[in-house]
Amino acid sequence: MARIYQELLELDKENRPIRLGIIGAGQMGQGLVAQLSTVPGMALMAICDHNLDRIELAVKNYKRLSGRDSDIVQDTDFRTICRSKEVDLVVDATGTTEGGAEIAYECLLQGKHLVLLNVEVDITIGPLMHKLFDQAGLIYTGSNGDEPAETFKLFEFAKTMGMEVLVAGKGKNNKINYGANPETCREEAEARGMNPRMLASFKDGTKTMAEMNLLANATGFLPDIPGMHGITGGEEETLKDLRTKEEGGILSQYGIVEYVDGLAPGVFVIAKAQNEWVQDELNYMMKKDGDHFLFYRPFHLGSLETPITIAKAILHDQMAITPLPGGPVAETVCVAKKDLKAGEELDGMGGFCLRGLVESHEDLVQGGHVPFGIIAGKSKMVRSIKAGQILTRDDVEVDPTTTIYRLRALQDSTFAMNLGALDD
């Protein structure tokens, strides 16, 4: 890290900053802009949001905090940012799948590196986009500060020491409320300066499912059961419960992703020493007496850590987290939040109709389930289902005109895992 910081100082001294464009000026985007204001060797060159007031606030804060009165491109059209010759790297802070798909495709066309603060689009078309960006000599990566990337760092930490990683996951700071929607979340969201739909996606569990989906695609791990177990406890309970049933725990297998109510806002992996010598040394160094070891980072800082990803991408061609090359391992599929009637239009993530559930890609294919991320545009039900049911291809007519639908279809055919036409 010190080396990267010194390199950024050199860029700053030589007036050759990494030139950034940010798309999305909500909570995450505003935090990133504020953080960038004091990072040497980086400069905000362009920003986009559909809300002009948020753009104005971000630019005002950046100039005030950085002391720079530079010209910053401001636009409501993301294409302006992606096509700007003054931008080297784009950060997607939109959190929407259709917007994220359009941004990724435009960055690819324009030869721009892309850092994602958009787990939602990454779990839907990430394997395809990473492959295409890599072939074009461009960076496509998730961001440090998000739970998947920080958990992946711990995974790499343990694996690089030769240890066997058994479980990888995140903490969650509240019980999942499957019925959360924009109205039930509005008061809290407005008090926190959040979009009510985004908060609803946290509370109904969709965000947690998506984050662990992204981690699964990067590690090859799977949820032990659809939706994961979601145990409650601290460090001791986590080590005790996240064992196989034969060892007194709740798991059917190891090599899984999981979340724990009680370890928030941290991330963790559980690992096993590769031999008795290492186990003895770990017990001595960690003041433990066991055979499984919890490596735990008790925080994650969201977009405040994104500059680290940007610096590593541009200076060292390194990525924080990317999907494995063979295609998706896990999927986040649609579950009805309420009884849905034929003809009813679906409102997507954080809405009134659907929540997400993480499962294996194999389960999605065999069950004919619908990836959550492609619910965009004018998607609607073609037959009625009950609350709690997983949507199948026969239940829904997905809008085939959206960019996310088309790119997902290309991903399916690219990895020879074609789900078939969802509207057949």
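Bridgeable lysines around LYS245 (alpha carbons under 19 Å apart, same-chain partners fewer than 8 residues away excluded): LYS272.
Taking the centroid of alpha carbons for each part, the range 263-293 and the range 56-97 are 44 Å apart. For the range 323-424, taking the reciprocal of the average inverse distance between every pair of different Cα atoms yields a Kirkwood hydrodynamic radius of 13.6 Å. Averaging the sequence gap over all C-alpha pairs within less than 8 Å and six or more residues apart, then dividing by the number of residues, gives the range 70-207 a relative contact order of 15 percent. Among beta bridges identified by DSSP and lying wholly in the range 195-324, the antiparallel ones come to about 55 percent.
Counting only whole DSSP H helices of the chain, the ones at least 18 Å long by C-alpha along their axis and with mean Kyte-Doolittle hydropathy no lower than 0.0 are 97-110, 119-135, 206-219.
When you restrict to C-alpha pairs under 8 Å that are six or more residues apart and normalise by the size of the chain, the relative contact order lands at 16 percent. Roughly what % of DSSP beta bridges within the chain run antiparallel, to the nearest 5? Roughly 45 percent of the DSSP beta bridges within the chain come out antiparallel.
Shape analysis of the range 1-57 based on the Cα gyration tensor places the equivalent ellipsoid semi-axes at 25, 11, 8 Å, largest first. Surface composition of the chain: carbon and sulfur make up 49 percent of the accessible area, probe 1.4 Å.
Solvent exposure of the chain, expressed per residue, is 43 Å² of accessible area, with all protein chains present and a 1.4 angstrom probe. For the range 276-354, applying the loop criterion from DSSP together with a ceiling of 12 other beta carbons within 10 Å to the trypsin sites (Lys or Arg not before Pro) yields LYS287, LYS341.
Across the range 148-245, the mean sequence separation of Cα contacts (distance under 8 Å, 6 or more residues apart), normalised by length, yields a relative contact order of 25 percent. Dividing the Cα radius of gyration of the range 293-377 by 2.2 N^0.38 Å, with N the residue count, gives 1.51.
For the range 148-255, trypsin sites (Lys or Arg not before Pro) are listed when DSSP marks them as loop and at most 11 other Cβ atoms sit within 10 Å of their Cβ; the list is LYS175. Using a ≥ b ≥ c from the Cα gyration tensor of the range 117-182 (square roots of the eigenvalues), is it rounded, prolate or oblate, where a/c under 1.5 gives rounded and otherwise the larger of a/b and b/c decides, a/b for prolate? Oblate, because a/c is 1.5 or more while a/b does not exceed b/c.
Looking at the range 63-119, the trypsin sites (Lys or Arg not before Pro) that sit in a DSSP loop and have at most 16 other Cβ atoms within 10 Å of their own Cβ are ARG68, LYS85. Our summary of shape: the Cα atoms of the chain have principal axis extents of 63, 61, 44 Å, ordered from largest down, in whole angstrom.
The values are calculated or read from the model by the stated rules, or taken from the named source; none is laboratory data. Quantities reported herein were computed from a predicted structural model and do not represent experimental measurements. Note that each Cβ is placed from the backbone with ideal geometry, even for glycine, and that neighbours are counted across all protein chains shown. Just so you know, the surface numbers come from the protein's heavy atoms only, side chains and all, with ligands and any DNA or RNA stripped out. Shrake-Rupley method; radii C 1.70, N 1.55, O 1.52, S 1.80 Å.
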